[in-house]
Amino acid sequence: MSSKSIVERVPPSNLRSSSNDTLLKPVTLLNAQAQQILSKMTIPKVLVLYTGGTIGMKVLRNAYEPVPNFLLSALRDMNIMHDIKFAETMTEIDPEKSFLYLPLVNEEWIAYFIKEYYPLLDSTNMTFDNYIRIALDIKARRKF
């Protein structure tokens, strides 16, 4: 497993505040390397926008808390969610292991890329600004 994370995180610098101080920053969803990898792949691809919430929470101090990169780590360790053997065959196309590969039946796979937002938020803490940001990100990559 590569020591580099495939989750693209937005650093806290150059952020602007929303009407209720939720930090936002316009971002490019995929870096140039990930975009180049996509152009070479012939298997179906999915962009996963992870904003936070229960699916990526970890038990800390007797409570569930959102933890950066935890979702990616958990999915990477589940053979039902990531085919490590197939990922090794993609080394030439995806040397940084930017994608996870969901195994399907009949030796088929779906490549998926996790775009993790920063900060991670539970839906109860999200505002309209957060939803607008998600919608704009989807619009920017709808032909992922």
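The values are calculated or read from the model by the stated rules, or taken from the named source; none is laboratory data. None of these values were measured; they are calculated from a predicted model. Positions of Cβ are backbone-derived with ideal geometry, glycine not excepted, and every protein chain shown enters the neighbour counts.
So Pro95 fits all but one of (1) closer than 28 Å to Ile134 by Cβ; (2) exposed (fewer than 15 other Cβ atoms within 10 Å of the Cβ); (3) within 18 Å of the chain's Cα centre (by Cα); what number is the exception?
Of everything listed in (1) closer than 28 Å to Ile134 by Cβ; (2) exposed (fewer than 15 other Cβ atoms within 10 Å of the Cβ); (3) within 18 Å of the chain's Cα centre (by Cα), Pro95 misses just condition (1).
Among (1) within 28 Å of Lys139 (Cβ to Cβ); (2) over 18 Å from the mean Cα position of the chain (by Cα); (3) modelled with pLDDT of 90 or more, there is one condition Thr42 misses while meeting the rest; what is its number?
Here Thr42 clears every test but (3).
Scan the stretch 78-103 for residues that are at pLDDT below 90 and assigned to a loop (DSSP other than H, G, I, E, B) and report the count.
9
Which residue pairs have Cβ atoms closer than 9 Å, lie 6 or more positions apart in sequence or on different chains, and pair a first residue in the stretch 60-72 that is under 27 Å from Lys97 (Cβ atoms) and at pLDDT below 90 with a second residue that is of a type in the set (A, V, I, L, M, F, W, C) and in a strand (DSSP E or B)?
Listed pairs, sorted by first residue: Glu65/Met57; Glu65/Val59; Pro66/Met57; Val67/Met57; Val67/Leu60.
Looking for whichever is part of a loop (DSSP other than H, G, I, E, B) and at negative phi here; the options are Ile43, Ile114, Ile132, Ile138. Which one fits?
Criteria check complete, one pass: Ile43.
What residue, of Tyr117, Tyr112, Tyr131, is aromatic (Phe, Trp, Tyr) and touching a Ser or Thr at 6+ places or on another chain (Cβ under 6 Å)?
Being aromatic (Phe, Trp, Tyr) and touching a Ser or Thr at 6+ places or on another chain (Cβ under 6 Å) holds for just one of Tyr117, Tyr112, Tyr131, which is Tyr117.
Search the stretch 103-130 for residues being without any contact (Cβ under 8 Å) to a residue 24 or more places away in the chain and among the hydrophobic types (A, V, I, L, M, F, W, C), and hand back the single one that is farthest from Gly52 (Cα to Cα).
Only one residue fits best here, namely Val105.
Tell me, which residue of the stretch 102-144 that is within 18 Å of Gly56 (Cα to Cα) and hydroxyl-bearing (Ser, Thr, Tyr) is surrounded by the fewest Cβ atoms within 10 Å (Cβ to Cβ)?
In this case the residue turns out to be Thr124.
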